[in-house]
Every structure is written in C-alpha cells, then in structure tokens.
Amino acid sequence: MSNLQVELSHYQKSLPTLMSSAGKFVLIKGEEVVGVYDSYEDALKFGYEKFGLDSFLVKRIAPAEQVSFFTRDLVACPA
C-alpha cells in the first residue's frame, strides 16, 4: 500500500473525530493525525518544517468529497 493510500485510509477512519473541525485542514503522516490547522498554507508549512520532503497529506476536513466532472469534448468559447 502506498503512503498516500495509508494516509487517505487513516483520514477516513479519523473523519468522525475530525468533523468537529469541519472546514479546517488536517495534516496526516502515515497513520498519525499530526494536527488541524485553519488554513491549507499553515498545514503545508508545518508539514514541510517537520517532515521536509518526505510525503504527508494535507486535506480539508469535510463530511463528503466534492466531485468534479469534466467532459473530454470541451470546445473553446468563440471570441
């Protein structure tokens, strides 16, 4: 299992507890919730300070994933 899969799995397991901080950003390294931050930038900064270039996950805490759909047949708008 890849690091990303481990961290995403841990996010899903921790989501019920994390929902009290919905809208904030969680920093996860492996199977550890390192912290919850008000902004993506704060979480990312702390992650780089603590883990350098090692992989870690920063994710917005939300009850459901936002899904975007893009068609392959996009046509440019006429000018």
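Each Lys or Arg adds one and each Asp or Glu subtracts one; over the other residues with Cβ under 14 Å from the Cβ of Val6, this totals -1. Charge tally around Phe46: other residues with Cβ under 12 Å, Lys/Arg +1 each, Asp/Glu -1 each, net -1.
Each Cα pair of segment 28-72 feeds into the Kirkwood radius, which the Stokes-Einstein equation turns, at 20 °C and 1.002 mPa s, into a diffusion coefficient of 176 µm²/s. Between Tyr40, Ile61, Phe51, the Cα set farthest toward the positive side of the dipole of the chain (charges on each charged residue's Cβ, about the Cα centre) is that of Ile61. Charge dipole of segment 1-76 (Cα centre as origin; +1 on each Lys and Arg Cβ, -1 on each Asp and Glu Cβ, all else neutral): 100 debye, rounded to the nearest 20. Extension gain, Ser14-Tyr40: 0.36 nm per intervening residue step, less the Cα-Cα distance, totals 7.5 nm. Against the chain, whose longest principal axis comes from its Cα atoms, helix 40-51 is set at around 50 degrees.
Estimated at 0.36 nm per residue, the fully extended path between Gln5 and Ser55 surpasses their Cα-Cα distance by 16.8 nm.
Using a probe of 1.4 Å, the accessible surface attributed to Ser68 totals some 80 Å² when neighbouring protein chains are kept in position.
As I understand it, the value is the acute angle between the Cα axis of helix 3-18 and the longest principal axis of the Cα atoms of the chain; what does it come to in degrees, rounded to 10? Long axis of 3-18 versus the principal axis of the chain: about 80 degrees.
The values are calculated or read from the model by the stated rules, or taken from the named source; none is laboratory data. Note that the structure is predicted; figures quoted are calculated from it, not measured. Glycine gets a Cβ as well: all are built from the backbone with ideal geometry, and neighbour counts include every protein chain shown. In case anyone asks, the SASA skips ligands and DNA or RNA and just uses the protein heavy atoms, side chains included. Shrake-Rupley method; radii C 1.70, N 1.55, O 1.52, S 1.80 Å.
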